[in-house]
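Right, one structure below, let's go through it.
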Amino acid sequence: MKRIIITVLILTLCLSVFSQEKTIKTGWNIGGVPAITYSTDLGFQYGVVLNLFDYGDGSGYPSYDQKFYFEVSRFTKGSSTYRLMYETKTLIPGVNITSDLAYLTDQAYDFYGFNGYEAVYNEEWTDSDLDASIYRSRLFYNTDRKLFRFKNDIKGKLAGNHFQWNAGLELKNFKFGPVDVEKLNKGKDDNLLPDIDGLYDKYVNWGLIGADEAGGGFITTIKAGITYDSRDFEANAMKGIWVETGVEASPSFISDAGFAKFFAIYRQYFTIIPEDLSFAYRLGFQTTIAGDVPWYHQNQIITSVLSGTTSEGLGGSKNVRGVLRNRIVGNGLFYANAEFRWKAFRFNLINQNFYIGFIGFGDFGMVTDNIDFEVPDQPTMGEDLVEDFFTHDVEKLHISTGAGLRLVMNENFIVSADLGKALDPQDGNIGFYIGLNYLF
């Protein structure tokens, strides 16, 4: 879902200036480009991205000493991103520090209810081409969200060459509300959005989302854990293991809610053909171990370091590709990804090292611990039917599969394009994402 430049991709694929010679990069390398991307979740993106890598004296290339990432962009579905990220591996010897400051807005943020398949998804309600007796709104399963985030993650050596401690401090201020239909309809003469209650409004009216947290809140989390990392290269490892586990807690005296979650992520990488073909997989688990998590924070996926603008969902570009964004939300979550990665063509262009790669993938996720709530009774729901919103079906794996393309410059600047297909209609259909970086 993250940012990438289609114009650069098209230009590079059309040029035939191929060479196997690799240039060792030193010092600062800057890439400032227009951000023109696409995501099924967010629509087309336009704006500017600035990426700076410092390779020092080049002795560690393709690893870098520090980097900056700056982005100002908007999406046609109403989202906007204002983000500044800085990472350094040399400011404090042996310590990796990442700071991320972002303001993210989304006029059509996905909300499908709680506990995966126990929440019914009615696709036809969002199809404006259907009869008025069926169609409700294209944005029935959406809310308006604004998020201010200041995230800081630190890693340092613990023992030997592979064990590390990791810690983090993150401040997030969430603001939620109904979709602003009047604003989205402004200037339109036809195909107007109807002014009706969406799923978010109904959950608030039914008391499933408490009035005290319906509009969002301020959450400060503190994280501590242990990491084992034997990867041969961070951006796209060909071999090694990367494991992290720990606890993230939100103390009630500095947050609007007090809770704690345990998380564990296991990633492993295998070389099939040296330098060209690899297999990688990821297993992730997180669950609430104390307190009550506000509804608006339940979809946050805990990681030691952000690999993109957000880490949330299950469903969407960063975990279960092809499944609807935020489709899988619960008190506990399990997810997995498997990818074959092929570096198919290498070449040198404008004094930069490039390769074009392809991937084939399978993803899945599921709720392992439900959010507790009482299904409203029929009188409370008025004209709505219980079976249109809730089912007693047992939660199971939400599965998707697909393929992708990678355009990589200097091993670290990674353009990605993925097409994922959900295998169950309750999870949507097809998702297409253009962004940055390998998934893990």
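If you project the alpha carbons of the range 281-440 onto the principal axes, what extent comes out on each, in Å, largest first?
69, 33, 23
Got the relative contact order for the chain handy, in percent, Cα pairs under 8 Å and 6 or more residues apart? Each step should come with its number before you reach the end.
On the way: 1171 pairs, mean separation 64.1, N = 440.
Value for the chain: 15 percent.
Cut-off under 18 Å on the C-alpha distance; same-chain residues fewer than 8 positions from Lys183 excluded. Which lysines are left, in chain and number order?
Filter leaves Lys77, Lys146, Lys175.
Mind checking the per residue accessible area of the chain for me, 1.4 Å probe, whole number of Å²? Could the numbers behind the result be given before it?
Values: 18910 Å² over 440 residues.
I get 43 Å² per residue for this part.
Along the charge dipole of the range 76-167, pointing to its positive end and built from +1/-1 on Cβ of Lys, Arg, Asp and Glu, which listed residue (Thr81, Phe140, Asn166) has its Cα farthest out?
Positive-most Cα among the choices belongs to Asn166.
Plugging the Kirkwood radius over Cα pairs into Stokes-Einstein for the chain, at a temperature of 37 °C and a viscosity of 0.692 mPa s, what D comes out in µm²/s?
D, rounded to a whole number, is 144 µm²/s.
On full extension of the chain, what length is gained from Asn348 through Asp276, given 0.36 nm per residue of separation minus the C-alpha to C-alpha distance?
Value of the extension gain: 24.3 nm.
Which is the longest run of the chain containing none of the GluC sites (Glu not before Pro) found in DSSP loop states (not H, G, I, E, B) with at most 13 other C-beta atoms within 10 Å?
Free of exposed loop sites, the longest segment is 22-274.
Amide H to amide H, which residues 5 or more places from Ala214 or on other chains are under 5 Å from it, using H placed in the peptide plane?
Result for Ala214 returns nothing.
Which value in nm describes the separation of the simple spin-label points at Leu423 and Phe150, placed 7 Å from the Cα toward the beta carbon?
Reported label-point gap for Leu423 and Phe150 is 4.5 nm.
Per the 1.4 Å probe, what fraction of the accessible area of the chain, in percent, lies on carbon and sulfur atoms?
Details: 11240 of 18910 Å².
Accessible surface attributable to carbon and sulfur in the chain totals 59 percent.
How charged is the neighbourhood of Thr220? Take every other residue with its Cβ under 13 Å from the Cβ of Thr220, and add Lys/Arg as +1 and Asp/Glu as -1.
Net charge around Thr220: +1.
Using modelled amide H (1.01 Å from N, peptide plane; none on Pro or chain starts), what sits under 5 Å from the amide H of Asn437, excluding residues fewer than 5 places away?
Ile414, Val415, Ser416
The values are calculated or read from the model by the stated rules, or taken from the named source; none is laboratory data. Fair warning: this is a prediction, and the values are worked out from it, not measured in the lab. Positions of Cβ are backbone-derived with ideal geometry, glycine not excepted, and every protein chain shown enters the neighbour counts. Surface areas here come from the heavy atoms of the whole protein model, side chains and all, with no ligands, DNA or RNA. Shrake-Rupley method; radii C 1.70, N 1.55, O 1.52, S 1.80 Å.
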